[in-house]
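What follows is calculated from the coordinates using simple rules that are stated; it is not laboratory data. These numbers were taken from a predicted model, which means no experiment stands behind them. Glycine also receives a Cβ, built like all others from the backbone with ideal geometry; neighbour counts cover every protein chain displayed.
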Amino acid sequence: MFSIILNAQIPELNDYNQVWTSQSKNASESMPLGGGDIGVNVWVEQGSVYFYFSRSGTFDEHNTLLKLGRVKLELSPNPFKNKDGFHQELVLHDGYLKISQNNTDIKLWVDVFHPVIHVEVKSKQTVSVKASYESWRHKNRPVKGKANNANSYKWAPQGDIITYKDSIGFENNAIAFYHQNREKTVFDVAVTQQQLESVKDQLLNPLKYLTFGGVVKGKNMKSAGTYTGMHQDTDFKAFSLESKKPSKKHQLSIYLQITQDKNISVYKKGLKDFVEVYKSDEKKTKKWWNQYWDRSFIYTQNENVKAQDSVYQIGQNYQLFRYMLGANAYGKYPTKFNGGLFTVDPVYTKEDYPFTPDFRNWGGGTMTQQNQRLVYFPMLKSGDFDMMDSQLDYYLSLQKNAELRSEVYWNHKGASFTEQLENFGLPNPAEYEWKRPVSYDPGMQYNAWLEYQWDTVFEFCNMMLEQKEYANKDVKKYNNFILSCLRFFDEHYQYLAKKRGRKSLDTNGHLVLYPGSAVETYKMANNANSTISALKVISEKLLKVSSKDLIQEEIDYLKAFQTRIPPLNFREINHQKVLAPAKTWERINNTEPAQLYPVFPWKLYGIGQADLEVAQNTYFLDEDALKFRSYVGWKQDNIFAARLGLTEEASKYNLLKMANSERRFPAFWGPGFDWVPDHNWGGSGMIGMQEMLLQEIDGKILLFPAWPKEWNVHFKLHASRNTTVEVKLENGKVNIIQVTPESRKKDIQNLLELDLNQKLNLN
């Protein structure tokens, strides 16, 4: 249903608030709410308010990312029993959700700075409230078949897999619940499987005795017994609180806690102390959201069009997805690509998946890096640098584990990170493969898709260094990590060469990156362009950004290493020079166009750079690139096209990617190749829109490198050197509202009127 924007003005943030005037059928029609490291799915069904709630880092023994529970809220007399007058709204600017009908308002908000969910009921007449905590983990649950795709065992469980029951009960008119992991977890299984027991006591183990849960408390509420029931495909037991007497105001709060200690008293005391000292400060949370929206935005509308159209949608969904990213601004663990904190019952994604609400495809503690990077790259141009710590510091915590892999398996230095990475830094056990030849290298995954794919880590190294370039952040803490990642490639490929023959380098003194992998697609590759680009860009950028913080020995090493990086590979198609995926390869396993990775993420080709035509030829002529082309999920054709100045192509694929989803909440895309809501779908969409609007080269800020003139837009994006650029394009006229610092205004070039040939000749 389309609403009207008066006077065809470019929308503002409030125009994107989601307003529903009817109740939902089920959890698939929920609205997201969040803050700090908490995600909540809220919906009203048959007159009752429901919400799931999740928190970053709640991994069980098998590395399933468990939800914390579901709450059912019932009011008497019930203001939601009829259809007329219902109103549910996500208020983006202030970060809260409200539900209203019949002179009754329910407000839900999450404290950004403390792990607390607030529910506030206000009514013009007195009402009674019953709040029930519904748990499906009231008993042990065997995990069978495809249900294991939610954990680290996936299709290869080792013995009986059980999701162990939580501890749940009443405590002083409150409901207390927690899950404590056992001593032995999938970490122990992986260590044994991967022959790392000799260094087990040196490895980071985030799962042993991990404890998470919380307490549900209500002002003037008392315990009201239990009941059982079925919700979709899963039985549950509910623990209820009810108001002591009818009132015009009611408050319910959920306080959350995570610890890692064998002694459960540590968890209980920590939670008790937190509840006692906590003071609610909604103004502080509102201020955070207000500043969040002020620091970056993209508002869109088609020229001279009043109704909400497809161009309107991409601006709307850009903000809605960014809202979801803000829900894990300060989590210990990165926002998961396969649903973030907003998954619901899996039957709404796949009808033949009658599993518990804890389910998501592709694991809970498994961080697939090609997917994860797309969630975090857009935070550079949106200026959300504080939110990147969850992802980048996660890598830092795993450095020791990755270095021990190299030491144990190959007796050389450097951090070895695999593509599918567990939250303890080792390969996923299922992907590592249980049925392996006895003689096979124990440091390798026995896996046709993932073998020899180690270079994704450099995209996160790039984000680390870009924080210095964008925000002048001190990145010294990352230097050793980045050096270690580079050193792995240097030493490992010399090690492999010497296993094949006498020499460790080729005739030209270059590394022979064989066997390698051009992303997950071109396997058994020789000198993959994606790897070469990464080594080239990261070694150069580290020297540029951090040379003052490196010792001379490290600088000398980097300069020598650069001489060992092989050149990029090219070929001809239709007598036109194009980028090749690699020098050679033996098979194709996936559909990622590695030949375009020098364009993105590595930005070796683009507007204002040499040989742009070579990259454009690759985009238009390479048969694989054409065959793989799509907007679904993690596909990046929208980004490639924008980087290459291909306005028509960029417009086409960004419109497709960022259009409303098939679900009630328009930014719940997916499943794509992963799950719902697909966060690498939204992340790649954000990147594509950003690249259409603003790019940089050699100190120049390029405006509208691939943006159609007839698309009205008001945006504020970040650029290098602590720069923000706010611009409005309305009915073909460009208004540069503000450039900070003002000295960078001279660096701006407006490309809106340039045709493709002019862009080719811009360098």
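What the table shows:
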quantity: Between helix 399-410 and the chain: long-axis angle, C-alpha atoms, 0 to 90°, nearest 10; calculated: 50 degrees
quantity: Calculated SAXS-style log₁₀ I(q)/I(0) at q = 0.23, 0.24 Å⁻¹ - region 403-446, Debye, Cα scatterers; calculated: -0.83, -0.89
quantity: Rounded, prolate or oblate (a/c below 1.5 giving rounded, otherwise prolate when a/b exceeds b/c) for region 325-413 by Cα gyration tensor; calculated: oblate
quantity: Summed side-chain charge close to PHE488 - residues other than PHE488 whose Cβ falls under 12 Å, Lys, Arg +1, Asp, Glu -1; calculated: -2
quantity: Equivalent ellipsoid semi-axes - Cα gyration tensor, region 603-749, angstrom; calculated: 27, 20, 13
quantity: 15 Å beta-carbon shell around LYS603, net charge (K/R +1, D/E -1); calculated: -1
quantity: Among 133-141, 528-536, 350-358, the order from most to least packed when residues are scored by Cβ within 10 Å on average; calculated: 528-536, 133-141, 350-358
quantity: Stretchable slack from LYS184 to GLU586, in nm (0.36 nm times residue separation minus alpha-carbon distance); calculated: 140.7 nm
quantity: Shape parameters for the chain, alpha-carbon atoms, Rg then Dmax in Å; calculated: 26.4, 87
quantity: Part-to-part distance (alpha-carbon centres) for region 691-763 and region 149-172, which is given in Å; calculated: 51 Å
quantity: Order of HIS231, HIS62, HIS575, HIS492 under a 10 Å beta carbon neighbour criterion, fewest first; calculated: HIS575, HIS231, HIS492, HIS62
quantity: Using θ = phi - 60° and Karplus 6.51 cos²θ - 1.76 cosθ + 1.60, couplings along region 470-480 (whole Hz; Gly, Pro as x); calculated: 7, 10, 6, 6, 6, 10, 4, 5, 8, 4, 5
quantity: Histogram of C-alpha separations across region 626-665, 5 Å bin width, %; calculated: 5, 26, 29, 21, 11, 5, 2
quantity: Packing-based exposure ordering (other Cβ within 10 Å, fewest first) of LEU656, LEU320; calculated: LEU656, LEU320
quantity: Distance between modelled label sites at ILE264 and GLN291, nm, 7 Å Cα→Cβ extension; calculated: 4.0 nm
quantity: Label zone at GLN738 (point 7 Å along Cα-to-Cβ), backbone N below 19 Å, region 383-397; calculated: 383-385
quantity: Point-charge dipole on Cβ atoms (K/R +1, D/E -1) for region 318-760, about Cα centre, debye to 20; calculated: 620 debye
quantity: Under the Debye formula (equal points on every Cα, no solvent term), log10 I(q)/I(0) of region 185-320 at q = 0.14, 0.17 Å⁻¹; calculated: -1.04, -1.07
quantity: Zone of LYS124's modelled label, taken as backbone nitrogen in region 51-91 under 18 Å from a point 7 Å along Cα→Cβ; calculated: 76-88
quantity: Kirkwood Rh in Å, taken over region 158-226 so that all alpha-carbon pairs contribute; calculated: 14.9 Å
quantity: Hypothetical label at GLU753: residues of region 706-740 whose amide nitrogen lies under 13 Å (7 Å Cα-Cβ projection); calculated: 732-734
quantity: Nearest-ten-degree value, helix 282-295 long axis tilted from longest Cα axis of the chain; calculated: 30 degrees
quantity: Fewest-first sequence of THR226, THR163, THR21 by Cβ atoms within 10 Å of each Cβ; calculated: THR21, THR226, THR163
quantity: Per-selection metrics, region 1-118 (Cα): Rg and Dmax in Å; calculated: 16.0, 56
quantity: Rounded D (µm²/s) - region 318-760, Kirkwood Rh over Cα pairs, Stokes-Einstein at 4 °C, 1.567 mPa s; calculated: 57 µm²/s
quantity: For region 386-464 versus region 501-527, the gap between their alpha-carbon centres in whole angstrom; calculated: 19 Å
quantity: Principal-axis tilt of helix 647-658 within the chain, Cα atoms, nearest 10 degrees; calculated: 30 degrees
quantity: Centre separation in Å (Cα based) which lies between region 546-574 and region 5-80; calculated: 48 Å
